[in-house]
Each structure stands twice: as structure tokens, then as C-alpha cells.
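**Student:** Mind having a look at this structure? Questions to follow.
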Amino acid sequence: MAKALTRAQSRWTLKELSAAGLFAALTAVGALVTIPLPYVPFTLQVLFTLLSGAVLGPRVGMLSQGVYVLMGAVGLPVFSGRGAGVQQLVGPTGGYLIGMVLAPWVVGRILRASASPGWGRSAAAMLLGLAVIHAAGVAVLSFHVGSLWGALTVDVVFVPVDLLKAAAALAIARGLEARGVAAAGEERG
């Protein structure tokens, strides 16, 4: 049974808030690297989204991407193609943005379930985080292209590149961990 958080444990620390802000900014920079395609562009956002869950843990990683999406929703041009506004959340890329908020929680939870996750667990965490992003993305995209099959056809183009981003996020996270960079406020195990 999960233990309840005390009031002190549920508060955000300055370290956690700073780390979340940093990863929100990194994700915004990742959106600047855009290769336009019909419906959904190639960007580096997925790399920073997965990395946020691995480095910051589930709670702070999810906060970082929530802050990123909120920045764009309130009008800052941080989405791909310098897009902004609430309409982006219901547009063709809206599901991917929603998935980007959920994915760090999945990645972080899987990695924090073990005191020392091996390469297999780490790779599984990245793949499941990627699956969350793509599932949410396809769900919303299907309304814009007219069918689930059409959305899957658009989405499948991104899978090989996103697998490379997941591998890069895994390598960076493991490299940071080997150098003693700890997660912001979240313990393993």
C-alpha cells in the first residue's frame, strides 16, 4: 500500500522547481529544432521529455513538462513552429503535448522502482514513455486526419527517429547518473 505524503513531503523544493523550469526551457529549445511535415513536425522535444522523467523523477519530470505545455497554452511561442495558444492542445499535435506531460511520470516511476535500474529496465522505461506520447498523439491526431489508420500512418514515420531520441535520453541519463548527478528531490526504491 502506498504511504500517504505528509504536508512537508508534498511541498515543492526550490531545487525541484528550478529543475522543472530548466527542463521546461530545454523542451522549448527542443521545439525550435523543427523539420516541418504534414500534421506533425520532427522536433527534439521527445528527447527532453524522456530525459526529464529519467533525471528528475516522476513528480518533477511531469511538472517540468506541465510547465512547458502551460507556457505554450498561455501564449508563449514555445511549441513547434513557434506555435502558441490553447488551440494547439486540440490541434494535430495536441495529443503529443498531452503525452509529453504524462511520459515523464511513466519513465520516472519505472526507474525509481529499483535502487539501481539496469539497462533493460531503463530501456523499457524509455520505450513505455515513448508509447505514452505516441498513443496520446495518435488518439488526437486521428480526429484531424479522419481515421485511426490515417493517424497511425502519419505517426509511424516518427517511430525510428523517436527511438534514437529515447536511446540518446537513456545514454545521457545514465551518463549523468554515473557522474553523480542526482534526481531533484526524489529517491529510488
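**Student:** With everything on Cα atoms, drop me the angle between helix 58-73 and the longest principal axis of the chain, reported from 0 to 90° to the nearest 10.
**Tutor:** Roughly 40 degrees, rounded to the nearest 10.
**Student:** In square nanometres and to one decimal, what's the mean projected area of the convex hull around the Cα atoms of the chain?
**Tutor:** Convex hull of Cα atoms, orientation-averaged projection: 11.0 nm².
**Student:** Which ³J(HN,Hα) values in Hz, rounded to whole numbers, follow from the phi angles of segment 23-30 under the Karplus curve 6.51 cos²θ - 1.76 cosθ + 1.60, where θ = phi - 60° and Gly and Pro get x?
**Tutor:** Those phi angles translate into 6, 4, 5, 4, 5, 5, 5, x Hz.
**Student:** Per DSSP H run of n ≥ 4, the term is -39500 (n - 2.57); total these for the chain, divide by its residue number, and report the mean residue ellipticity at 222 nm rounded to 500 deg cm²/dmol.
**Tutor:** Values: 9 runs with 129 residues, N = 189.
After summing the helix terms and dividing by the residues of the chain, the value is -22000 deg cm²/dmol.
**Student:** If the elastic network links every pair of Cα atoms under 10 Å, which of Val46, Val106, Val156 fluctuates the most in the Gaussian network model of the chain?
**Tutor:** In the Gaussian network model the winner is Val156.
**Student:** Taking θ = phi - 60°, what integer Hz values does the Karplus form 6.51 cos²θ - 1.76 cosθ + 1.60 yield along segment 99-114, in sequence order, with x for Gly and Pro?
**Tutor:** Computed from phi, the couplings for segment 99-114 are x, 5, 6, 7, 4, x, 5, 4, 4, x, 5, 5, 6, 7, 6, 10 Hz.
**Student:** Also, quick follow-up: Sequence-distant or interchain residues sharing an amide H contact under 5 Å with Ser114, placed H: which?
**Tutor:** Here the answer is Gly189, since their amide H atoms fall under 5 Å of that of Ser114.
**Student:** Let me ask something else about it. If you line up the long axis of helix 119-145 against the longest principal axis of the chain, both from Cα atoms, how many degrees apart are they, to the nearest 10?
**Tutor:** Around 30 degrees separate the two axes.
**Student:** Next question. Starting from the amide H of Phe42, placed 1.01 Å from N in the peptide plane, find each other amide H under 5 Å away whose residue is 5 or more places distant or on another chain.
**Tutor:** HN-HN under 5 Å from Phe42: Ile35, Leu37.
**Student:** If one takes the longest principal axis of the Cα atoms in the chain, at what angle in degrees, from 0 to 90 and to the nearest 10, does the Cα axis of helix 45-56 lie?
**Tutor:** Helix 45-56 sits roughly 10 degrees off the main axis of the chain.
**Student:** Using the crude model of +1 on Lys and Arg Cβ and -1 on Asp and Glu Cβ, and no other charge, please compute the dipole size for the chain relative to its Cα centre, in debye to 20.
**Tutor:** Once rounded to the nearest 20, the dipole reads 520 debye.
**Student:** Based on the alpha-carbon gyration tensor of segment 84-189 and its eigenvalue square roots a ≥ b ≥ c, which shape applies: rounded if a/c is under 1.5, prolate if not and a/b is larger than b/c, or oblate?
**Tutor:** Because a/c hits 1.5 or more and a/b exceeds b/c, segment 84-189 counts as prolate.
**Student:** While we're here: Quick one: among Gln45, Gln65, Gln88, which has the greatest mean-square fluctuation in a GNM of the chain with alpha-carbon springs under 10 angstrom?
**Tutor:** Gln88
**Student:** Then there's this: Loop only per DSSP, at most 13 neighbouring Cβ atoms within 10 Å: give me the trypsin sites (Lys or Arg not before Pro) in segment 1-108, ordered by residue number.
**Tutor:** Counting only loop positions with at most 13 other Cβ atoms within 10 Å, the trypsin sites (Lys or Arg not before Pro) in segment 1-108 are Lys3, Arg11.
Read the figures in this text as sums done on the coordinates, not as results from a lab. Everything quoted here is computed from the prediction, not taken from an experiment. All Cβ positions, glycine included, derive from the backbone under ideal geometry; neighbour counts span all protein chains shown.
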